[in-house]
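Inspection log for the structure reproduced underneath, given as structure tokens.
The values are calculated or read from the model by the stated rules, or taken from the named source; none is laboratory data. Small disclaimer: the values here were computed from a predicted structure and weren't measured. Every residue, glycine among them, receives a Cβ derived from its backbone with ideal geometry; neighbour counts consider all protein chains shown.
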Amino acid sequence: MTDADDFRAKLQAPPLLKLFDYWQSLRVGRTMPLWSDIKPENMAIALPHVWAWRVSEADGVRLRLVGESIYQAMSRDLRGKTPEELHPYPTGAQIRDRLLKVARLPAANATVGDIFHDAEQIGTGARVSLPYADGNGGLGVIGASVLVPLPDPATGQPRLVNPKAFFVLRGEETWLPLGPGAA
């Protein structure tokens with residue numbers, strides 16, 4: 001079983017570390033912080049990379065917010081969308097299932113690996129997903145993602161990423177269980 005220190009060691013990117021450390025500080029003996037506890041000014045380095053999903057019985061899983069770097073990369077407003085509206089089958093369903101596991105188990109999730117658009121690797125990256133509760137008994141997942149584009153073979157510069165494309169991070173996943181009796 002992974003403990004919090006081992007989990008943190010998987011997070012190499014500064015925005016992911018900042019978000020995880022801030023989230024940990026908000027837990028204060030609880031399984032997860034409340035959404036109302038999360039203050040953007042206390043995680044400035046992570047903000048461009050942050051995203052949050054709302055999980056509810058009535059509405060399913062819907063994107064609550066996206067950071068500026070994600071918004072710019074995708075060139076469109078993604079808020080209010082479901083994973084299935086944002087990604088083709090079966091990727092959307094896999095994302096929804098991971099988010100539900102993070103929120104309901106509850107557990108923290110970290111993934112480090114390669115980023116693909118269809119079958120083409122476009123870069124490397126990492127993601128951290130952390131549960132939160134809202135004041136009305138609902139749940140959600142806040143996280144951050146980073147992408148390091150591969151160099152363009154012709155120029156050596158970071159390759160340009162299609163802003164209309166959807167990307168998939170494939171790699172090693174680490175889970176940190178947070179419920180009663182968890183490390």
Is it the case that some residue within region 7-30 is without any contact (Cβ under 8 Å) to a residue 12 or more places away in the chain, hydroxyl-bearing (Ser, Thr, Tyr) and in a helix (DSSP H, G or I)?
yes
Quickly run through region 100-120 and pick out the residues that are β-branched (Val, Ile, Thr) and within 13 Å of the chain's Cα centre (by Cα).
102, 111, 112
If I filter region 79-95 for residues that are buried (at least 18 other Cβ atoms within 10 Å of the Cβ), at pLDDT 90 or above and of a type in the set (Ser, Thr, Tyr), do I get at least one hit?
no
If I ask for residues that are touching a helix residue (DSSP H, G or I) at 6+ places or on another chain (Cβ under 9 Å) and at pLDDT below 95, which ones from region 104-141 would you list?
134, 135, 138
What number goes with the only condition from (1) at pLDDT below 95; (2) basic (Lys, Arg); (3) in contact with a Phe, Trp or Tyr (Cβ under 9 Å, 6 or more places away or on another chain) that residue 101 does not pass?
(1)
